[in-house]
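None of the figures in this text is laboratory data; all of them are computed from the coordinates on show. All of these numbers come straight from a predicted model, not from anything done at the bench. Cβ coordinates were reconstructed from backbone atoms using ideal geometry, including for glycine residues, and neighbour counts include every protein chain displayed.
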Amino acid sequence: MEEQAEAISALIRDIGESGRDITDEELQRLRTYLAAVSLARPSVARVDDGAGGLMWEGHILKGGDWMPRLAAKYLKHVMLNREWPDGTTIEEYAESLAEAVQDPTGGVYVERDEDTWKVTCVARSHRWTGRHGAAYIVVAFLPAKDPWLTGFQPDRGLRYITQDQLRTSGRWLRRPR
């Protein structure tokens, strides 16, 4: 598993620094790894301030508390922001993120964020569009550190990916169709 993580990190660094195109085989390997390994790996995130006061697994949450990343992002983007359809379970949220990452019509964007290479997968939200959802699901990763960062539906669409002033360099490895 560790060797696989290192190989994916090296692949992203090579593609990012060299500017070369990603092959179809490399892209498939990247998508599979991100969906099957990175998304499934346990990690933690802080509870959004807006989720403070909500009950989760028998505990009343406070903004800033640490909890499993999947649960924290689910509470923020599904329950609070209502980007996914009402009634979406945490399992369905996780499924929708994996589908977006593996969608062959979806895009993959690579960028240097300070000193770390970041990979952002984007795909149309289709059936996962909620009351305040958008046209795309975005799932962001830091392969060198191996966590996934977030999964949400940006109201700015693809501009969210390409027009962030904090980014120092970035390009589409595959544009979404």
Relative to the chain, whose Cα atoms define the longest principal axis, helix 2-18 and its Cα axis are tilted in degrees, nearest 10, by 60
Candidates per GluC sites (Glu not before Pro) in the stretch 95-177, loop by DSSP, up to 14 other Cβ within 10 Å:
GLU114
Over the chain: helical MRE at 222 nm, DSSP H runs n ≥ 4 each giving -39500 (n - 2.57), nearest 500
-8500 deg cm²/dmol
Relative to the longest principal axis of the C-alpha atoms of the chain, give the angle of the C-alpha long axis of helix 24-33, reported between 0 and 90° and rounded to the nearest 10°.
30
Debye intensity ratio I(q)/I(0), log10, the chain, q values 0.11, 0.14, 0.19, 0.20 Å⁻¹ (C-alpha model)
-0.46, -0.74, -1.30, -1.41
Can you work out the FRET efficiency for the pair HIS132 and ALA40, with r the C-beta to C-beta distance and R0 = 25 Å, to the nearest 0.05?
0.40
Give the cross-link partners of LYS62 among the aspartates and glutamates, using a straight C-alpha distance below 18 Å as the criterion and excluding same-chain residues fewer than 8 apart.
ASP48, ASP49
So, in nm, how far is label TRP172 from label TRP66 when the simple model puts each one 7 Å beyond its Cα toward the Cβ?
3.9
Output the relative contact order of the chain, whole-number percent, from Cα pairs under 8 angstrom with separation of 6+ residues.
22
Nothing charged except the Cβ atoms of Lys and Arg (+1) and of Asp and Glu (-1): what's the magnitude of the dipole of the chain about its Cα centre? Round to the nearest 20 debye.
580
